[in-house]
Amino acid sequence: MSKIKFLATLVIVISLSLSIVLKESTNSTPYQRLKDDAVVLAFGDSLTYGYGVDRIFSYPSQLENKIGLHVINAGVSGEESSEGLFRLPSLLKLKPNLVILCHGGNDILRKRSHEQLKMNLLKMINLIKESGSEVLLVGVADFGLLGFKTLSVYNDVAEQTGVMYEENIISYIESKASLKSDNIHPNEKGYEMIADSLIKILKSNKLI
């Protein structure tokens with residue numbers, strides 16, 4: 001083999017190697033797998049608390065049973081995001097490895113400022129990140145003329161912060177009477193679907 005052909009072959013091999021490395025780097029997850037003793041904090045309002053069903057059927061309880069990790073149900077029915085922002089720091093002292101943030105439903109129902117809701121969510125996520133925990137944001141539905149649709153605030157927050165994001169499950173459940181215990185809250189099957197949707201997100205990001 002001539003020197004020129006050898007150099008050309010070497011360049012091709014190096015280029016292919018770099019391409020593989022870059023591809024693997026692009027496809028890799030920035031998250032670390034949750035250990036067996038990891039703590040998950042489910043933080044929110046009545047959708048987290050499990051209003052409408054026995055709490056053993058709330059999504060945090062069903063999630064705990066399905067993934068085998070300790071999941072703290074930190075849902076408070078009727079709470080607005082401003083109240084949640086005030087309550088969150090004390091719970092972060094528990095040092096959760098992951099916080100599932102599903103908040104703002106009461107702000108939406110009571111027609112509070114969307115801009116203020118966005119600011120409260122951003123502040124919550126900032127607090128969670130500063131604590132060293134990962135964040136999984138859950139979008140909450142708004143009711144419009146064409147039915148339930150995730151409030152655009154959540155998409156904006158997810159894009160701005162780059163956190164894991166489940167966009168559609170709450171809106172889907174809200175649109176199905178068969179998955180609800182009343183006009184707003186899921187039934188046992190609805191809460192299970194929330195848990196399953198979160199598991200898909202965690203698996204896709206290789207946390208579990």
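Nothing in this text is a laboratory measurement; each read-out follows from the coordinates by a stated rule. For clarity, every value in this text was computed on a predicted model and none was experimentally measured.
Under 22 Å between alpha carbons, and skipping anything fewer than 8 positions from K176 in its own chain: which lysines qualify?
K149, K189, K200
Decide, for region 156-208, between rounded, prolate and oblate: order the square roots of the alpha carbon gyration tensor eigenvalues as a ≥ b ≥ c, take rounded if a/c falls under 1.5, and otherwise choose prolate if a/b is larger than b/c, else oblate.
Since a/c reaches 1.5 but b/c is at least a/b, the shape of region 156-208 is classed as oblate.
Would you mind telling me the antiparallel percentage of the DSSP bridges in region 35-204, rounded to 5?
20 percent
For region 35-204, just the Cα set please: Rg and Dmax, both in angstrom.
Final numbers for Rg and Dmax: 14.5, 46 Å.
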